[in-house]
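Beneath this line is the structure, given in structure tokens, with notes to follow.
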Amino acid sequence: MRWTLLVLASLLASPAAAQSAGREAVERYGCATCHTVPGVRVSRRQSCVGCHERVVGARRSGLGRAPRVQHYLHVPDLRHVTRRLREDYLVSYLQNPHDARPRMEETMPRLPVTEDDARLITRYLRAQAGELEVPASPAPDPGNVDPGRAAFERAGCMTCHELGNLDFGVHLPPVALRRIGDAAFEAPNLRFVRDRMTPDVALAWIRNPRAIDPNTEMPHPQLSDRDARLIRDFLFLVDPGRPAAARRPTL
């Protein structure tokens with residue numbers, strides 16, 4: 001363990017060495033096989049997602065059984081992920097991923113990523129994306145939870161997003177969300193926002209997501225500054241509820 005820490009410290013002391021080690025870790029774990037990763041090119045022919053896109057887009061001859069594929073047609077773009085997600089969250093997620101996007105049947109594979117490699121990968125991605133500075137904002141205010149929920153519903157956020165076990169009365173089937181687009185179908189569960197983002201970044205993201213990640217599929221919500229802060233405070237302080245207990249089978 002001591003030797004590993006010494007090696008990591010020496011790498012971090014040299015930005016070029018740290019970047020080289022981070023890129024090596026990205027390649028070793030095959031991150032770019034599915035994701036778009038800055039600085040690491042994988043041809044679409046070698047990419048899992050690219051292969052599936054070719055199957056879906058292939059011309060149908062009308063003879064025999066047409067090839068079909070439903071999954072891994074799109075996965076999150078990692079080019080600017082470190083601009084919005086906290087480093088400690090990403091390090092933890094790489095080692096123990098969870099399903100943040102509840103409607104996607106695909107899931108992040110559990111790879112034997114060490115903490116050292118997770119930090120190297122995260123810092124590699126951060127260096128590629130560039131640092132982001134957002135304005136400081138007031139701490140989330142408990143008094144904004146109720147008006148924040150009203151602003152959340154008024155803005156229609158629950159059309160795409162889930163928030164824990166809260167029920168907003170909108171229950172669109174997956175087929176309807178797919179027709180809206182990938183952004184709706186792949187929208188994350190917002191119960192994790194307080195783990196994934198800092199309050200300052202979350203507020204900047206709600207105000208203008210493309211100012212943080214120009215490749216995001218999140219649309220510009222066009223909110224007032226007041227409503228953006230109300231929604232941010234609601235997301236950070238509301239009780240998202242606990243998963244419902246499994247029903248016992250009746251005999």
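Observations
- In the context of the full set of protein chains, region 122-251 has a per residue accessible area of 58 Å² (1.4 Å probe).
- Accessible surface of region 94-251, 1.4 Å probe, proportion on carbon and sulfur as whole %: 52 percent
- Of the trypsin sites (Lys or Arg not before Pro) in region 109-147, the ones in a loop by DSSP (not H, G, I, E or B) with at most 14 other beta carbons within 10 Å are Arg110.
- Ligands, DNA and RNA aside, Leu172 has an accessible area near 80 Å² when probed at 1.4 Å.
- Phi angles of region 20-30 translate, via the Karplus equation with coefficients 6.51, -1.76, 1.60 and θ = phi - 60°, into HN-Hα couplings of 5, 5, x, 5, 4, 5, 4, 6, 5, 8, x Hz per residue; Gly and Pro are given as x.
- Expected-Rg normalisation [2.2 N^0.38 Å, Cα atoms] applied to region 118-251: 1.18
The values are calculated or read from the model by the stated rules, or taken from the named source; none is laboratory data. What you see is a predicted model; the values in this text were computed from it and never measured. Here the Cβ is made from the backbone with ideal geometry for all residues, glycine too, and neighbour counts use every protein chain on show. Just so you know, the surface numbers come from the protein's heavy atoms only, side chains and all, with ligands and any DNA or RNA stripped out. Shrake-Rupley method; radii C 1.70, N 1.55, O 1.52, S 1.80 Å.
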